[in-house]
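Any read-out appearing in this document is the output of simple, stated calculations on the displayed coordinates, not a laboratory observation. Note that the structure is predicted; figures quoted are calculated from it, not measured. Here the Cβ positions follow ideal geometry from the backbone for every residue, glycine too, while neighbour counts run over all protein chains shown.
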Amino acid sequence: RANGNERFGRNENVTALGDLDISGTLVELSDLNALGSINVNASTIRLLARAAGNVKLAAIQGGGVDVDTGIDFVAGNSIIFSVAPTLVGGPAGATARFSTSTGGDVTFAGSTAIPFVVLQFTDAANAAAYASGGTIFDLLAGGISNANVSDALAGAVPQDDETREVEQSIGLDPGTRQVLQLLGINAVAPNNADLRNAAADGVMVQDDAPRVMASDDLTLRVSETRIPAVQANAIRDDYNRVFAAETGDGADGTVTGEQLIKTRLAEGYDAYFERLDETGDEASPAGFTAFLRETDPDLYGRLEAVNRMLGAIDELPLSTYEYDQARRKLVTQRLLPPVLGQRYDFFSDALDTVGR
């Protein structure tokens, strides 16, 4: 128990093998775990949001290392805040999670209307999840939600309605997962707690809202259970065929497909505008791809393969926003040389005309 101002550092965690009581005028919190209850009594409560991180798990949770979703609070009994907390800092899309052994008993200022995910995590009441063999653990707020969905979404900002059918996936191999990440799709496997609860209860609930991993990146965190392995493996194979190393004009005798495409796109772009200077025609994405088809059929064929890959990505059960982000990352990072980095719209439109 503390009085005055109590400030925990971002990315710090506190684990109590009983109740955890914190009080003060201003309280800033990072990750908290308590085998008993968590009680925070303050005039102002701030939650120090953070990026996802690695979490070492106790043997009862499967052992090894898992990845959480950000700041979280786990208690065997209840979590009670005297006032509604404010989430501060952290990367874009950062949030907080709360877990108790019942999936309830979380109140802010006496209200159970919680603007964060609240999950039922049965091991929250098991001492072996908090400490074992002299090791104290930072628990991962996992489990299943027992919230009424209509209540949970009542205050949410409406988004475009979109429904995609999701097939049962058998999981992705590391090579496929790596290629998807290069294309802007960070496929994340279910954590151990999710899998154990799914096995026990026959239900798996995962928070899979589209969100950018970092403010300066275009990589989206997507649950790999949404991605059919057969389709993902086909995308991986197409990617390797298009961007794999090959014999070429590189200094060491080889050049990657990515390097070849970037170099020849830049050359083709300059040559196209030189022709326009001669003919007086106006530039257009369709005119550019027609020029490439005439002057560099090999490059044009590679762009056809890229277009097929984009079509295959579009067939994945992703939202329109997720697909658009993946497309932008592929074009800006895999195709365009730095000198043409500001011409995304032109080249994206040009890709749409390839093969037509």
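Once you have a ≥ b ≥ c as the square roots of the Cα gyration tensor eigenvalues for the range 273-317, tell me rounded if a/c is under 1.5, and otherwise prolate or oblate according to whether a/b is larger than b/c. Don't jump to the answer; show the numbers that get you there.
On the way: a/c = 5.61, a/b = 2.27, b/c = 2.47.
Taking the square roots of the gyration eigenvalues as a ≥ b ≥ c, the range 273-317 is oblate.
Classify the range 76-130 from the C-alpha gyration tensor, please: rounded if a/c falls under 1.5, else prolate or oblate depending on whether a/b exceeds b/c. Could you put the intermediate results ahead of the total?
On the way: a/c = 2.29, a/b = 1.37, b/c = 1.67.
Taking the square roots of the gyration eigenvalues as a ≥ b ≥ c, the range 76-130 is oblate.
Can you pull the Kirkwood radius for the range 249-356, inverse mean 1/r over Cα pairs, to one decimal in Å?
14.6
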**Message:** Taking amide H atoms as placed 1.01 Å from N in the peptide plane, list the residues 5 or more away in sequence, or in a different chain, whose amide H sits under 5 Å from that of A58.
**Reply:** G63
**Message:** At 7 Å along Cα-to-Cβ for each site, give me the label-to-label distance between D349 and R328 in nm.
**Reply:** 1.8
**Complete:** Nearest-0.05 FRET efficiency for A266 and Q181 at R0 = 25 Å, using Cβ-Cβ distance, is 0.45
**Request:** Filter the trypsin sites (Lys or Arg not before Pro) in the range 1-43 to those in DSSP coil with at most 12 other Cβ atoms within 10 Å of their Cβ, and list the result.
**Result:** R1
**Complete:** Between N233 and N307, the FRET efficiency computed from the C-beta separation at R0 = 22 Å comes out, to the nearest 0.05, as 0.70
